[in-house]
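Here is the structure we will look at, set down as structure tokens.
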Amino acid sequence: MKTSRLKTSSMAVLPWRQFMVLGGVLVAMIAGATLMLAPKGGWLIATRAVLALSLFSALSGVILLLLHHRQASKGLDVALSDRRGYALAGLIASLLLAFVSSFAPIPFPATWMNNVLPLLGVVLALWLGSRLLQGAAPLDYQRAQRAYAERDFDTALALLRGLEGSHPDFYGTYHLQATIYRQRKDYEAARRAANRLIALQPELYHGYADLGLTLLEEARPAEAREPLRRAVELAPELPEGQFNLGMAYVEAEDYEKAIAPLRRALRLGLRDEITGVMARYHLFRALEALGRHAEAEVELRRLRRCSGVLKRWRREFSEDLRPAKERRQEQALLSAIERAAKKPRLKEDRS
């Protein structure tokens with residue numbers, strides 16, 4: 001079952017936090033340049049007010065971005081549990097300090113601070129940047145990722161085995177191992193890697209997701225539900241996690257429990273539009289199976305609006321290099337969705 005495709009999305013989200021940062025910095029630069037022209041009287045007061053407001057906007061945007069990133073990445077990034085998150089916030093604050101102090105000169109008798117503060121901000125930013133680089137992924141892991149992207153699984157696994165000895169506590173090794181083994185249909189090895197990741201980082205989403213997805217691939221949906229439920233608890237804002245849990249319930253024919261995670265996945269906005277169509281179809285099926293025909297009709301109408309996505313999905317098969325056996329299940333699913341989209345109006349729910 002494919003749950004990861006091209007990172008496309010049918011949802012358009014206004015990046016207002018980024019606008020706050022960029023707009024604030026831009027206006028602050030204009031206000032700073034205006035101050036250098038030595039305005040007087042009311043113009044001086046107005047310029048300083050604009051500078052203060054724009055810097056407040058930029059700083060607020062940075063804080064909101066960090067908070068949003070922290071919420072969206074909950075359970076996904078082990079760095080959030082250590083000091084790297086604080087180092088990133090400190091790096092941004094240091095750069096803002098250097099910028100503000102260079103455009104807002106300090107009056108006498110502390111004029112000497114005009115040179116010290118920008119220099120201090122830059123030096124502190126460089127130091128924090130070096131600390132962040134020290135916590136980056138090992139070089140061999142980056143090479144393994146490139147090999148995996150090129151489908152050179154043997155090279156990727158060899159590099160990852162080396163990392164087990166040199167960096168036994170690096171969680172990315174076991175996540176990538178589980179992914180590769182699952183694609184190779186070596187489910188026992190995939191489960192072994194997932195369990196090692198869970199033991200290493202029990203508060204991280206990836207180990208539970210890898211274990212659950214492997215069990216789903218093995219056609220063991222009843223067993224997949226618990227690890228996927230735990231994954232969703234750790235990363236509740238991740239739509240793909242909600243989708244995977246919904247699929248486990250659907251495949252176990254537990255349609256009542258499938259509805260909530262599938263709806264949440266669609267509400268959060270799946271990055272891949274084809275996965276979104278799959279979620280919509282399985283939500284429709286669950287509602288129909290439960291006799292909730294009015295709700296199922298709503299989902300069916302939404303599914304009919306996805307004809308363009310279905311056509312693109314159909315075209316993908318002509319470029320798919322996987323063996324026909326591996327494509328058969330996905331082709332059958334696409335055909336079922338196309339048939340559902342052509343269904344006549346469902347009977348009204350009389351409950």
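The numbers here are math on the coordinates, done by the rules we state, and not lab data. All figures in this text were calculated on a predicted structure; none of them were measured in a lab. With ideal geometry, Cβ positions are generated from the backbone for all residues, glycine too; neighbour counts draw on all protein chains shown.
Table for the structure above
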quantity	calculated
Segment ALA219-LYS343, length gained on full extension (0.36 nm per residue, minus Cα span)	41.8 nm
Nitroxide proxy distance, nm - points 7 Å out along Cα→Cβ at ARG305 and LEU26	3.1
Semi-axis lengths (Å, descending) of the ellipsoid that matches the C-alpha gyration tensor of region 272-351	27, 12, 10
Pairwise FRET efficiency - VAL122 versus ASP186, Cβ, R0 = 56 Å, nearest 0.05	0.65
Extended-chain gain in nm, criterion 0.36 nm per residue less alpha-carbon gap, VAL298 and GLN18	97.3 nm
SER166-GLU203 FRET efficiency (beta carbon distance; Förster radius 35 Å; 0.05 resolution)	0.90
